[in-house]
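Reviewing the structure listed below.
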Amino acid sequence: MNRIRLVAICIIAAFLMSGFVNPIGLISGPVATAFGISITAAVSAFGFFTFGVFAGYVVSFYIFDYFSFKSVVVTGYLVLAAGIALLYLVNSTVGLFILLFCLGTLASVEGCGAGTLISVNWQGRQRQVIWMQCLTAVA
């Protein structure tokens, strides 16, 4: 039962990542209107999210050496939820850029932790390959 819960948590991490990446085209218009910037500038703002995802991969190499998976996952989800709520309160484009970078970093660390947990829990089983393919296809 514990393995199933861990896999569910990992899948949620993958859906969070894809939830931010997929609708960029849908939300770039409202973002441009809300901040009074061009659509091109709004779409390019999501480059900060993508750069944050890359930074999160680098952070993931080290963070799990110093902190437990459980503390990183729980804290990461809480901070990620707070950051998503903060998106509604940001007034400036610079604040938006910084927040998108931070959200990308957190989501990436969560995704790397999720992949690691799945690999550890399903080691030596065929399901591991299927879950990893699902996660990479979603993200």
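The values are calculated or read from the model by the stated rules, or taken from the named source; none is laboratory data. Keep in mind it's a predicted model, so treat the numbers as computed, not measured. Please note: Cβ atoms are built from the backbone with ideal geometry, for glycine as well, and neighbour counts cover all protein chains shown.
Does the range 63-82 hold any residues that are exposed (fewer than 10 other Cβ atoms within 10 Å of the Cβ) and not in a helix (DSSP H, G or I), and which are they?
68 - this is the single residue of the range 63-82 that is exposed (fewer than 10 other Cβ atoms within 10 Å of the Cβ) and not in a helix (DSSP H, G or I).
Here are the criteria: (1) exposed (fewer than 15 other Cβ atoms within 10 Å of the Cβ); (2) of a type outside the set (A, V, I, L, M, F, W, C); (3) at pLDDT 80 or above. Tell me which single one residue 60 does not satisfy.
If we test residue 60 against (1) exposed (fewer than 15 other Cβ atoms within 10 Å of the Cβ); (2) of a type outside the set (A, V, I, L, M, F, W, C); (3) at pLDDT 80 or above, just (1) comes out false.
Name the residue that is farthest from residue 52 (Cα to Cα), counting only residues in the range 89-109 that are of a type in the set (Gly, Ala, Ser) and surrounded by 14 or more Cβ atoms within 10 Å (Cβ to Cβ).
Step by step, filter the range 89-109, then rank; the result is 95.
Return yes when residue 113 is within 18 Å of residue 12 (Cα to Cα), within 12 Å of the chain's Cα centre (by Cα) and modelled with pLDDT of 85 or more and no when it is not.
Spelling it out, it is not the case that residue 113 is within 18 Å of residue 12 (Cα to Cα), within 12 Å of the chain's Cα centre (by Cα) and modelled with pLDDT of 85 or more.
From the list 47, 29, pick out the single residue that is more than 15 Å from residue 102 (Cα to Cα), assigned to a helix (DSSP H, G or I), small (Gly, Ala, Ser) and at pLDDT below 85. Step through it out loud before you land on a result.
Details: 47 fails: more than 15 Å from residue 102 (Cα to Cα).
Only one candidate qualifies: 29.
Yes or no: residue 19 modelled with pLDDT under 85 and assigned to a helix (DSSP H, G or I)?
yes
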